[in-house]
Each structure stands twice: as C-alpha cells, then as structure tokens.
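Everything below concerns the one structure shown next.
Every read-out reported here was derived from the displayed coordinates using simple, explicitly stated rules and does not represent laboratory data. No experiment lies behind these values; they were computed from the predicted model shown. Cβ atoms come from the backbone with ideal geometry, glycine included; neighbour counts cover every protein chain shown.
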Amino acid sequence: MFKILSTASALPKCRKTNDDLSTFLDTSDEWISQRTGIRERAVCTDETLTDLLTQAADQALERAGITAQELDLILCATIRGDYITPSQACVIQKEIGASCPAMDISAACTGFIYALDVAAGYFARKKVKKVLVLAGDCMTRMMDWSDRSTCVLFGDGAGAVVLGEGENLMAIQLTANGNVDVLNIPHVGGDSPFDKLPKNQSYLSMNGKEVYKFAVSSMYRDVQIVCDQAGVKVEDVDWIVPHQANLRIIEAAAHKLKVSGEKCLTGIENLGNTSAASIPIVLDRANTEGKFKAGDLLVLTAFGAGLTTGACVLRW
Ligand code: COA
C-alpha cells in the first residue's frame, strides 16, 4: 500500500509556559504539570493555520525530494480550517502549487490516522503514487480562556508526511462512537433573521474524567487489535507513537500494555494537546533525531472527539 517517504512539522513561534497562564488564570504550574505532564505550549499569535500547514507541507515535500506537482492527493486532518469552505486541503494545494484533488478529514485528534486509512484506500485502488497527509489545528483559538479546566491543555501546531508506494502499513483500524456530550465545539451562529436557534460561542467543552477513561481503555484495546491484525506481539513493537493529550493517559495505557516508558514517544511537555497534529509532530521529531532504524515496528494510536479512535502498525 504505502510507505512514509518524509515527515515534517511546524509550530507557531510564541511559547507560553504554565506560569505565563497563571498570570491571568486561577491555575499553577504544579496543577497542570502533575495532572497532565504539560509545561509549555506553542500558541498562534499572528500565524494562521494555513501558515503552519504550508510550512510543514513545503518541508515534507523537500525532504521527500518531490515537487508539489507530483502529488496525486492531499488530505488534511483538521477540526477547523481557516475557512468553512473551501477545505483547508484546497487552501494548502494552492499555497504549495499543487494541482491534485484535495480534501479535509474531520475526526478531531484521531484525524491523522483516519487520513492514513483514507490514503491507504487510494493506494490500494492504485489511484495514487504520492500523497501528502497534513494535520493541524489552532486549538488555542477554540478555547474559552476563562475555563481553566480546558484551556491549559491545548497548544497549536501542524505536521505532515509524504506517502509513496510501499508495503510499510501492516494494519490499521478506526472506530467511531457518536457522542456529542463528552467533547464538542459548537458552530458559531450565522446572522439569519429567521434563525430561532441559540447563538453559540465556538468554545471547546469536555468531560475530562470521561475522556480520560475512554482514552486509556481505547488505547489499550486498539494497540492489541492492530498488533493482532499485523501478526506481531505488543512486546515486539519498537516505538509507540500515541496521541499527546495527557502524559498520565499515555503512562496508564503503556502500563496496562506492559510497554516500557522509553518505547512511548512523548512531546506533550512542550506541545500541549495539538489535536490531530500531535502524532505527526512527535513522529517528525523522533525521525529527525534519527531514533528510527529501518525495519523498526511503530504503532500509532489516537483518540478524540466523536468519539473516535484509530491505530495502525507501520514497518519503518
Ligand atoms: N488549575 C487548577 N485547578 C484546576 C484546573 C487548573 N487548570 N482545572 C481544573 N481545576 C480544578 C477543578 O476546578 C476541580 O476543583 P474542585 O475539585 O474544587 O471542583 C479540580 O481541579 C479537578 O481536579 P481533578 O479531579 O484532579 O481533575 P482530573 O484528575 O479529572 O484531571 C484533566 C483533569 C482534564 C487533566 C483530566 O481529566 C484529563 O486529562 N482528561 C482527559 C482530557 C483530554 O485528554 N482531552 C482531550 C481529548 S483529545
């Protein structure tokens, strides 16, 4: 089906520590870092999501050694692009000078793995030879900054991979269990004179404890399922690349799976939760640090609003 030809990522330049947040919120570095592992996050100031994704896309193309014109498909996992329409993928297609089909994937923090599965289908049908998979969100622009229980958890960023033909995807599986109550971000109302619906603020709201339980149990389940499908043992996996929402979630899932901490790649400490971008950002960091050897077994695992989950096994 496919193999990953290159990885890339981009973060906004402004960084905010937990102490910075405690200057205007009733919170503390101790509360945030003990419960989540987060110490700082990058936040958008004058950057758009398009800026971050374009930077990641250009870097991914350069590292793959291909031009934008060689792309056959662009997929972008995002909760909210810079426009409701056109899709964020179409915006990036124009920015990088590509001319292939482009579309967004909406699966919240699981979006990157959903996009990999969509890409796998295109490769299986032999419709594509090169695919750009993007993931990015400006989560800090979707927060109620007076709600300390949510705004401290998120950060902004973008990640990208270029996929080419190959046999590195060994198993992939997705789930969805529709549930608006646990985690949602409503639309902003329009201006229709006929509209009788209440006008929403477009802020994230979440039942943190419910998400926590869902996250640990679904990661534990999904990693075992994809390892079974790929015919490998969990203990033979070299690297787990989990969605970065909370270090405690990653540690609890790893503990249940009996996977050592060194095998779990993390970046939450200085990223916060960057939604679908978190896996490709952490993947890119590890890749550029030279952590992966050819033949290494990687498991990617994510959960998010929907509620959605996804996991896959890749041979590096
Ligand atoms: N600073 C200080 N206090 C805070 C706070 C903050 N930023 N946010 C909440 N609190 C307070 C609450 O008001 C509450 O106080 P009370 O007990 O007096 O009412 C208390 O802390 C709640 O603490 P606790 O019960 O320990 O929270 P928790 O253990 O459930 O941890 C989360 C909260 C959000 C860190 C945790 O539930 C979580 O990570 N959930 C998953 C969220 C997630 O991953 N979302 C994204 C999915 S993609």
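Quick notes on this structure:
- Semi-axes of the equivalent ellipsoid of region 190-239 are 43, 14, 9 Å, computed as sqrt(5λ) over the eigenvalues of the C-alpha gyration tensor in descending order.
- Region 241-303-region 38-76 distance, computed between alpha-carbon centres (Å): 20
- Qualifying trypsin sites (Lys or Arg not before Pro) in region 104-175, where qualification requires a DSSP coil assignment and no more than 10 other C-beta atoms within 10 Å, comprise ARG125, LYS126.
- Stretch gain in nm, segment LYS129-GLN34, where the contour uses 0.36 nm per residue and the Cα spacing is subtracted: 29.7 nm
- Cut-off under 5 Å, modelled amide H: who pairs with VAL128 long-range: none
- Close amide H pairs (under 5 Å, H built 1.01 Å from N) link ILE240 with CYS264, LEU265, VAL299, residues at least 5 positions away or on another chain.
- 25 °C / 0.890 mPa s Stokes-Einstein diffusion coefficient of region 2-167, Kirkwood radius on C-alpha pairs, µm²/s: 148
- Its Cα gyration tensor gives the chain an equivalent ellipsoid. The semi-axes, each the square root of 5 times an eigenvalue, are 28, 25, 19 Å from largest down.
- Amide hydrogen neighbours beyond the local backbone of LEU5, cut-off 5 Å, H modeled: VAL162, LEU163, GLY164
- Cα centroid separation - region 198-238 against region 116-152, whole Å: 15
- Projected-area mean, region 171-315, by convex hull of Cα positions, square nanometres: 10.3
- Listed residue pairs exceeding 20 Å between alpha carbons, taken from LYS129/LYS263; LYS3/LYS126; LYS129/LYS293: LYS129/LYS263; LYS129/LYS293
- Cβ charges +1 (Lys, Arg) and -1 (Asp, Glu), total dipole of region 171-315, debye: 200
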